[in-house]
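The values are calculated or read from the model by the stated rules, or taken from the named source; none is laboratory data. Note that this is a predicted model, so its numbers are computed, not measured. Please note: Cβ atoms are built from the backbone with ideal geometry, for glycine as well, and neighbour counts cover all protein chains shown. Protein only, heavy atoms only, side chains kept; ligands, DNA and RNA dropped before computing areas. Shrake-Rupley method; radii C 1.70, N 1.55, O 1.52, S 1.80 Å.
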Amino acid sequence: MHILCLGGGPAGLYFALLMKLQNPAHTVTVVERNRPFDTFGWGVVLSDQTLGNLRVADPVSAQLIGDAFNHWDDVEVFFKGRSVRSGGHGFCGIGRKRLLNILQERCIALGVDLVFETDVQDDQAIAAQYNADVVIASDGLNSRIRNRYAETFKPDVELRACRFVWLGTHKTFDAFTFAFEQTEHGWFAAHAYKFDENTSTFIVETPEAVWQAHGLDQMSQEDGIAFCERLFAKYLDGNPLMNNATHVRGSAIWIRFPRVVCERWVHWPTVPGRSDEPPLARPVPLREERGGETPEAHAVRSVGAPIVLMGDAAHTAHFSIGSGTKLALEDAIELTNCFAQHGDAAAALQAYEALRSVEVLKIQNAARNSTEWFENVDRYSGMEAEQFFYSLLTRSQRISHENLRVRDAVWLQGYEQWLAKSNAATRVATGRPEQAKAPSGGSATHEVASVGALSSPPPMLLPLKVRELSLKNRIVVSPMATYSAVDGVPQDFHLVHLGARALGGAALVFVEMTAPCAEGRITPGCPGLWNETQAKAFKRIVDFVHASGAGAKIGMQLGHSGPKGSTQVGWEAPDEPLPSGNWPLLAASAVAYGPTNQMPKAMTRADMDRVKAEFVQSTRYAAEAGFDWLELHCAHGYLLSSFITPLTNQRTDDYGGNLDNRCRFPLEVFAAMREAWPADRPMSVRISAHDWAPGGNTADDAVAIARMFKAAGCDFIDVSSGQTTRAAKPVYGRMYQTPFADRIRNEVGIQTIAVGAISEVDHVNSIIAAGRADLCAIARPHLADPAWTLHEAAKLQSRHVNWPQPYLSGRDQLYRELFKQKELLAQSNRAPAAIK
């Protein structure tokens with residue numbers, strides 16, 4: 001096979017040498033526009049895990065790279081005049097030029113042809129020149145080839161909000177260092193790490209507005225670099241900052257990071273007679289498959305050489321997680337493996353695209369979280385250095401609480417102690433200092449004292465006080481529809497269902513969304529609170545929870561189904577209308593939820609007054625029943641949500657148009673409920689923080705919505721997303737809605753509940769410890785395990801949780817068994833090392 005790699009960066013070089021290793025008979029050529037020793041940028045970073053992958057793929061080059069690496073374990077953060085440091089992170093730094101030289105030398109040793117100083121203008125012409133069977137487009141971030149075939153690759157390039165400049169310095173750092181400096185206009189961050197004996201990378205970034213406010217957009221290269229030297233002088237110890245991009249003029253050395261995502265990674269050039277076939281069905285013209293036919297006959301019968309994106313040409317990941325080079329090298333490894341595993345080359349390329357696009361998306365999602373963190377340093381500037389450091393370490397959501405314990409148990413133990421004391425004494429602040437009015441803490445003093453200084457409760461088990469309500473920990477049983485009510489009346493099922501979860505260790509158990517009127521139900525099986533019979537049935541449940549001795553509290557969520565009402569229960573055809581017996585629907589506007597749903601009536605002022613009065617009456621019933629907490633459902637496309645989202649609110653009166661108007665009726669309902677609800681009991685509002693659809697609400701709107709509800713007296717925002725339209729396309733992933741809760745908490749200064757794909761204790765501990773939310777609502781895991789909180793605490797061997805007295809013997813046995821399992825696992829992990 002003849003392989004042509006256009007671009008001599010890490011991706012092209014590494015793929016070339018791996019394919020030559022796989023089959024020395026391959027003819028492999030790498031064409032690069034620069035000279036052999038030209039490079040821009042400074043050092044690159046790889047994790048220990050990535051270096052392990054290189055050892056498997058090619059031990060020889062991996063050894064050379066490993067020998068040239070500068071390895072460090074520590075991360076150190078400088079923030080507001082203090083520094084915090086922890087170890088065990090396992091990074092390696094190497095000069096980009098040195099890495100390329102190692103790969104170039106390895107290619108030459110294996111017989112790869114390297115062609116330098118050749119600027120390819122026409123990929124098809126050079127493919128023909130080298131008689132290529134496969135063309136690898138490894139031509140970097142500004143890929144000319146990707147742009148030429150944009151119709152196939154469908155690239156999405158997004159310029160991020162910060163400006164950054166990539167510099168070097170002879171100040172050598174002994175840890176991966178993050179330094180934050182605040183100016184009169186905002187924050188600057190420096191990312192610094194050593195990559196050889198006397199040189200470090202030094203990246204400076206700041207939001208665009210801050211960059212412009214300082215006039216950096218008008219400065220020369222020299223003046224801009226001098227500005228950075230003055231700003232970060234205390235970390236440089238007199239060493240200057242160096243620039244190796246002198247070919248770039250003026251402030252152009254400051255760039256905005258381009259996030260690149262491609263829908264497809266393989267392009268098949270069309271030839272006469274073959275354009276009707278689906279792209280990946282077209283065979284790659286492998287030389288082995290041609291037999292003895294002439295090149296001319298082959299050109300007539302077959303397609304052109306496929307063009308395959310690799311490295312930055314296919315994708316980018318923000319430098320703050322150091323994964324650009326990692327992704328490039330792992331692209332090369334994967335495509336090499338696909339060629340080895342698939343005899344048919346088209347199948348190999350299809351597998352490569354399918355496998356790598358998924359893996360890269362995971363990294364890019366993490367990189368997006370990390371990017372947004374650095375774009376919004378001001379959001380976290382009200383935190384103490386300890387929590388700021390923890391937030392930074394876990395910003396991508398790929399590093400968890402227990403992962404940090406593996407890396408540096410002593411540091412994490414100290415942080416847990418700090419968090420427990422801060423929770424007890426100072427109520428850890430949210431957001432920027434001027435907005436830090438939402439406490440995250442109650443009192444944990446008695447718990448910390450009872451077990452000694454070396455055993456602080458995990459973050460999930462820290463208590464919390466909201467108004468006059470004390471919650472024993474941070475776990476909430478999320479409101480989940482069970483479709484088991486009769487005429488809106490909760491049944492014995494609800495007593496058992498909610499009672500079991502109250503005994504299971506959670507601090508707050510929510511009833512599923514409960515309607516203020518019969519027409520406000522989602523399905524005929526949904527509960528209601530519009531009459532005394534329903535109120536008495538709920539009081540029976542509330543009384544059980546309070547009398548159980550478990551210390552749990554119980555919350556009521558009130559909501560009107562609006563345009564999503566009169567549908568079938570969840571295990572039939574969810575969101576679809578009833579086969580018969582449908583009731584009329586209301587909404588902000590006459591917009592159906594979907595093509596099969598009823599058309600709702602646009603609410604009149606009289607309808608709005610009536611519905612508001614129904615919510616108030618339900619609030620009074622909830623108070624009389626003894627509920628501890630009240631939540632108003634303004635999310636997921638139900639009635640109040642249909643006002644808030646522009647996708648369904650088409651009104652032209654005072655309740656439609658801009659966001660203030662769209663929130664007017666939900667705020668009226670909330671204010672009336674708050675007035676009727678006891679002042680010592682908390683109220684929350686559930687919102688959809690993002691509609692996940694064009695033209696819908698975004699995270700920016702969610703912040704504004706939260707501010708309005710905070711001003712109206714709301715204590716908590718329960719931060720969900722989506723479900724406002726059938727056209728929604730959420731970006732799912734673990735804890736995928738938590739960044740919305742984080743932003744609202746730390747920008748608005750209101751406490752939040754995080755919900756959505758939170759399924760492990762590790763998720764909860766990370767969210768609470770980082771200050772991303774104050775409570776975590778756990779949904780489906782509680783359906784599978786009523787005692788989820790108790791069982792997760794047992795996995796941690798934490799005793800900072802109360803078990804019901806009748807279950808104590810079971811508790812002790814569970815702790816013993818889990819401890820034994822942990823010890824056996826540790827022994828099995830140690831065994832291979834002992835054998836070696």
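Out of 136, 126, 94, report the one residue that is over 30 Å from residue 202 (Cβ atoms), open to solvent by less than 10 Å² (accessible area, probe 1.4 Å) and out of contact with any Ser or Thr (no Cβ under 7 Å at 6 or more places or on another chain).
Going through 136, 126, 94 in turn, just one is over 30 Å from residue 202 (Cβ atoms), open to solvent by less than 10 Å² (accessible area, probe 1.4 Å) and out of contact with any Ser or Thr (no Cβ under 7 Å at 6 or more places or on another chain): 136.
Out of 538, 510, I need the residue that is out of contact with any helix residue (DSSP H, G or I) (no Cβ under 7 Å at 6 or more places or on another chain) and either under 20 Å from residue 497 (Cα atoms) or aromatic (Phe, Trp, Tyr) (or both). Which one?
Values: 538 fails: out of contact with any helix residue (DSSP H, G or I) (no Cβ under 7 Å at 6 or more places or on another chain).
Within the list 538, 510, the selection yields 510.
Out of the stretch 587-608, which residues are outside any loop (DSSP other than H, G, I, E, B) and either in contact with a Lys or Arg (Cβ under 6 Å, 6 or more places away or on another chain) or loosely packed, with under 12 Cβ neighbours inside 10 Å (or both)?
Restricting attention to the stretch 587-608, the residues satisfying the condition of being outside any loop (DSSP other than H, G, I, E, B) are 587, 601-602, 605-608.
Of everything in the stretch 587-608, those that are outside any loop (DSSP other than H, G, I, E, B) and either in contact with a Lys or Arg (Cβ under 6 Å, 6 or more places away or on another chain) or loosely packed, with under 12 Cβ neighbours inside 10 Å (or both) turn out to be 605, 606.
Taking residue 584 as the residue in question, decide whether it is of a type outside the set (A, V, I, L, M), in contact (Cβ under 8 Å) with a residue 24 or more places away in the chain and open to solvent by 10 Å² or more (accessible area, probe 1.4 Å).
yes
Pull out all pairs, ordered by first then second residue, where Cβ-Cβ is under 7 Å, the residues are six or more apart or on different chains, the first lies in the stretch 13-29 and is at positive phi, and the second is in a helix (DSSP H, G or I).
none
Quick check on my filter: what residues within the stretch 245-254 are farther than 22 Å from residue 184 by Cα and crowded, with 17+ Cβ neighbours inside 10 Å?
Let us first name the residues in the stretch 245-254 that are farther than 22 Å from residue 184 by Cα, namely 245-250, 252-253.
Answer for the stretch 245-254, where residues must be farther than 22 Å from residue 184 by Cα and crowded, with 17+ Cβ neighbours inside 10 Å: just 253.
Quick check on my filter: what residues within the stretch 538-568 are over 16 Å from residue 638 (Cα atoms) and open to solvent by 10 Å² or more (accessible area, probe 1.4 Å)?
Hits for the stretch 538-568 are 539, 540, 543, 544, 546, 547, 548, 549, 551, 553.
In the stretch 730-749, which residue that is among the hydrophobic types (A, V, I, L, M, F, W, C) and under 14 Å from residue 699 (Cα atoms) is most open to solvent (accessible area, probe 1.4 Å)?
731
Determine the pairs where a residue that is touching a residue at least 12 places away in the same chain (Cβ under 8 Å) and in a helix (DSSP H, G or I), located within the stretch 326-340, has a partner that is buried (at least 22 other Cβ atoms within 10 Å of the Cβ) and of a type in the set (D, E, K, R) with Cβ atoms under 7 Å apart, the partner being 6 or more residues away or on another chain.
Going by the 7 Å Cβ cut-off, the qualifying pairs are 328/312; 331/356; 334/356.
Taking residue 409, is it of a type outside the set (Phe, Trp, Tyr) and either touching a Phe, Trp or Tyr at 6+ places or on another chain (Cβ under 6 Å) or under 20 Å from residue 257 (Cβ atoms) (or both)?
no
Does the stretch 374-413 hold any residues that are open to solvent by less than 30 Å² (accessible area, probe 1.4 Å), part of a helix (DSSP H, G or I) and farther than 21 Å from residue 322 by Cα, and which are they?
379, 380, 385, 387, 412
Does the stretch 618-633 contain at least one residue that is in a loop (DSSP other than H, G, I, E, B) and either at positive phi or open to solvent by less than 10 Å² (accessible area, probe 1.4 Å) (or both)?
Taking every residue of the stretch 618-633 in turn, at least one turns out to be in a loop (DSSP other than H, G, I, E, B) and either at positive phi or open to solvent by less than 10 Å² (accessible area, probe 1.4 Å) (or both).
Identify the residue in the stretch 97-114 that is more than 30 Å from residue 200 (Cα to Cα) and open to solvent by less than 50 Å² (accessible area, probe 1.4 Å) and, among all such residues, is farthest from the chain's Cα centre (by Cα).
Of everything passing the filter in the stretch 97-114, 111 is farthest from the chain's Cα centre (by Cα).
Of the conditions (1) crowded, with 16+ Cβ neighbours inside 10 Å; (2) under 19 Å from residue 775 (Cα atoms), residue 713 satisfies every one except a single condition; which number is it?
Looking at each condition in turn, residue 713 falls short on (1).
If you check 418, 411, which single one turns out to be touching a strand residue (DSSP E or B) at 6+ places or on another chain (Cβ under 6 Å) and either aromatic (Phe, Trp, Tyr) or within 14 Å of residue 769 (Cβ to Cβ) (or both)?
It is 411.
Mind checking which residues of the stretch 19-50 are open to solvent by less than 10 Å² (accessible area, probe 1.4 Å) and assigned to a helix (DSSP H, G or I)?
Result: 19, 50.
Just to be sure I understand, how many residues within the stretch 133-160 are part of a loop (DSSP other than H, G, I, E, B) and acidic (Asp, Glu)?
Result for the stretch 133-160: 2.
Collect the residues in the stretch 483-506 that are buried (at least 20 other Cβ atoms within 10 Å of the Cβ), free of Cβ contacts under 8 Å to residues at least 60 places away in the same chain and not in a helix (DSSP H, G or I), keeping them in residue-number order.
Passing the criteria: 485, 488, 490.
Considering 227, 195, which residue is of a type outside the set (Ser, Thr, Tyr) and either closer than 30 Å to residue 90 by Cβ or open to solvent by less than 10 Å² (accessible area, probe 1.4 Å) (or both)?
195
Given the structure, is residue 740 at negative phi, assigned to a helix (DSSP H, G or I), at pLDDT 95 or above and out of contact with any Ser or Thr (no Cβ under 9 Å at 6 or more places or on another chain)?
no
Which condition number in (1) open to solvent by less than 10 Å² (accessible area, probe 1.4 Å); (2) under 21 Å from residue 590 (Cβ atoms) is the one that residue 655 fails?
Going through the list (1) open to solvent by less than 10 Å² (accessible area, probe 1.4 Å); (2) under 21 Å from residue 590 (Cβ atoms), residue 655 breaks only (1).
If only one of 467, 474 is surrounded by fewer than 24 Cβ atoms within 10 Å (Cβ to Cβ) and at pLDDT 95 or above, which one is it?
Only one candidate passes the filter, namely 467.
Give 752, 724 a once-over and let me know the one that is more than 16 Å from the chain's Cα centre (by Cα), under 30 Å from residue 596 (Cα atoms), modelled with pLDDT of 95 or more and crowded, with 23+ Cβ neighbours inside 10 Å. Step through it out loud before you land on a result.
On the way: 752 fails: under 30 Å from residue 596 (Cα atoms).
Selected residue: 724, the only one of 752, 724 that is more than 16 Å from the chain's Cα centre (by Cα), under 30 Å from residue 596 (Cα atoms), modelled with pLDDT of 95 or more and crowded, with 23+ Cβ neighbours inside 10 Å.
Which residue, of 173, 195, is more than 25 Å from the chain's Cα centre (by Cα) and at pLDDT 95 or above?
Numbers: 195 fails: at pLDDT 95 or above.
Every option except 173 fails the conditions.
Could you tell me which of the residues 797, 805, 827 is farther than 23 Å from residue 471 by Cβ and open to solvent by 10 Å² or more (accessible area, probe 1.4 Å)?
Only one candidate qualifies: 827.
Being within 30 Å of residue 639 (Cβ to Cβ), of a type outside the set (S, T, N, Q) and free of Cβ contacts under 8 Å to residues at least 24 places away in the same chain is the requirement here; does residue 730 meet it?
no
Among the candidates 332, 345, 354, 366, single out the residue that is among the small types (Gly, Ala, Ser), out of contact with any Phe, Trp or Tyr (no Cβ under 9 Å at 6 or more places or on another chain) and either within 20 Å of residue 734 (Cβ to Cβ) or crowded, with 19+ Cβ neighbours inside 10 Å (or both).
Going through 332, 345, 354, 366 in turn, just one is among the small types (Gly, Ala, Ser), out of contact with any Phe, Trp or Tyr (no Cβ under 9 Å at 6 or more places or on another chain) and either within 20 Å of residue 734 (Cβ to Cβ) or crowded, with 19+ Cβ neighbours inside 10 Å (or both): 366.
Check the stretch 521-533 and report whether any residue there is part of a loop (DSSP other than H, G, I, E, B), modelled with pLDDT under 95 and touching a Pro at 6+ places or on another chain (Cβ under 6 Å).
no
Can you report the number of residues in the stretch 198-209 which are farther than 18 Å from residue 166 by Cβ and either touching a residue at least 40 places away in the same chain (Cβ under 8 Å) or open to solvent by less than 10 Å² (accessible area, probe 1.4 Å) (or both)?
0
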